[in-house]
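The values are calculated or read from the model by the stated rules, or taken from the named source; none is laboratory data. Nothing here was measured: the structure is a model prediction, and the numbers come from that model. Because the Cβ atoms are built from the backbone with ideal geometry, glycine has one as well, and the counts that use them run over all protein chains shown.
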Amino acid sequence: DEIGLIPCPEARYNRSPIVLIENKLGVESWCVKFLLPYVHNKLLLYRERKQWLNKDELIDITLHLLFIQIYFIFCRKELILSGTLNPLKDLHLGKLALTKFPKSPETWIHRRWVLQQLIQENSLPSPVTKGNLGAAPVQRIHRIVQEEMNVCSEAAGRYPSNYNAWSHRIWVLQHLGKLTVKVLLDELSSTKYWVSMHVSDHSGFHYRQFLLKSLIGRTVTDSNVLVQNQMVNEQNPSLQKEESAGAEAACVKEQSVDLPCCLEKELELCTELIDTYPGHETLWCHSDETLNNSHHSPATSNVPQAMDVDGFNESRSKQGYTQETKRLKRAPLQDSFGPQMEYQFIDKVLSTCRDADQARFATAYRKWLVTFLGQ
Amino acid sequence: MRLYSLSVLYKGDPKVHLLKAAYDVSTFNFFQRSSVQEFMTFTSQLIVERSELGSRASVKEQEYLCHVYVRNDGLAGVVIADNEYPQRVCFTLLDKVLDEFSRQVSKIDWPSGSPATISYAALDGYLSKYQNPRDADPMTRVQAELDETKIILVRR
């Protein structure tokens, strides 16, 4: 389940350089310079017709490494496409590689290619009846998504602010996870502990910003859907459609209630972490961003969702709804959730903290609040 | 945020002895672990050698922060952590550990002691418990009032 390189400049004993302990594979470093030409020659024999490989490149170990890596990935792609190599096995190998090279861009890029192959495979029509096909692919995708979340989490833990791991995580949610509200909320809660224990990890907090922004986007979309359904209902009143609109209304209501709560909870988390762990700029940046998002979110103003629908009914067009949302956005924020609380918090921090960095961040944050919010 | 090692040493004249230590190298690549542990043992000893009696300091070594407290009676403690782990909690932990150690292990044994001869088993437990500073020490903010002026941050 793990691989590594054992620094060992000379072979002291006449034995294999491969070390296997507790399911972890190690390779003694002295053998690498023998291993590379050997592997390379093997590949050469396999791809005999390629003439552009000359002796100089063989000697240059750096080019060698790069070549082998690209070649390796290229060969594996071919093997997957021809059906010889199971994509899941390749994902497992990638996971292993990430234990040693958690940042490796090539590994992450190749991983996304393999996942795309899997998605395509999953959506192919099958001779099996629809009923049988129904359960398996969804479950399969769900399992894959969960596994990807784990892989990203582990890689993020092995290298500070591992941007590649976190952007892969975002990609998986966008392409495999469908960005449903449930998925977004689950991810928010499952990464909460992680970011609390990695308070200077910018990428981790950036991920949370992505989740919050997606939630905001989701709420607006679902409101639009609800409103469009209402329009349909008015034109074609039927019991079935009303029921579905009712169900949607319930869903949307739930989401719009959750959103201000989510944003408030996020701000609370920031405040708590800033207080407990002074002097981490990441936390202050996250505070900025969260407040920024809440300011632009239509759901956090004082006006309940019902008014949106009323406003729409009056104008009867999507245009009208958009105008309504804009009006709501400009409405003043509630006192309990907004600048007032932040000013109080900053003042408290400035008066009690002894960390020079913390004081600097608090002052900068105050300046930002004043210029940005104009209050 | 992570704690990697917790050691108790004795600053004798002229040499520094390691009395007891606990390590958590689980986050390191399996094949690096023993060399990382050696590095931490060596660094802890070196830092105590270079510190004065009755001092506290936080020394940055590569990507780690080594927090050291050397008491006036020569008993010393070193915590090696990453740069996210709060400094105050480290010193709270060191105070606590050295206090308990001095009550459980007689002073006579300090100058000649070694991990094999010293019987004090609480270090592993402390290291594990303090991995999450909030669980371990919820009153950390209050502790900040004490002795903070004496802490010197040495960056190398």
Margin query: Contact list please: Cβ distance under 7 Å, first residue in segment A:193-204 and more than 8 Å from chain B (Cβ to nearest Cβ), second residue charged (D, E, K, R), pairs at least six apart or on different chains.
Written below: A:195/A:201; A:195/A:208
Note to self: Residues that are in a loop (DSSP other than H, G, I, E, B), within 16 Å of the chain's Cα centre (by Cα) and closer than 30 Å to residue A:276 by Cα: does segment B:85-108 have at least one?
What the structure shows: yes
Notebook entry, point to check: Given (1) within 12 Å of chain B (Cβ to nearest Cβ); (2) without any contact (Cβ under 8 Å) to a residue 24 or more places away in the chain, where does residue A:189 come up short, assuming only one miss?
Noted result: (1)
Checklist line | Yes/no for residue A:125 being at pLDDT 85 or above and surrounded by fewer than 19 Cβ atoms within 10 Å (Cβ to Cβ) | finding: no
Next item on the list: Mind telling me which of the residues B:50, B:88, B:71 ends up being more than 30 Å from residue A:156 (Cβ to Cβ) and in contact with a helix residue (DSSP H, G or I) (Cβ under 8 Å, 6 or more places away or on another chain)?
Entry: B:71
Margin query: residue B:64 - would you say it is under 29 Å from residue A:26 (Cα atoms) and within 14 Å of another protein chain (Cβ to nearest Cβ)?
Written below: yes
Next item on the list: Starting from segment B:110-127, keep only residues that are charged (D, E, K, R), then list their pairs with residues that are at pLDDT 95 or above whose Cβ atoms are within a distance under 8 Å, requiring at least 6 positions of separation or different chains.
Entry: B:124/B:22
Checklist line | Search result, residues across segment A:355-375 that are free of Cβ contacts under 8 Å to residues at least 24 places away in the same chain and in a loop (DSSP other than H, G, I, E, B) | finding: A:374
Checklist line | Whichever residue in segment A:264-286 is surrounded by fewer than 21 Cβ atoms within 10 Å (Cβ to Cβ) and of a type in the set (Ser, Thr, Tyr) and, among such residues, is farthest from residue A:340 (Cα to Cα) | finding: A:276
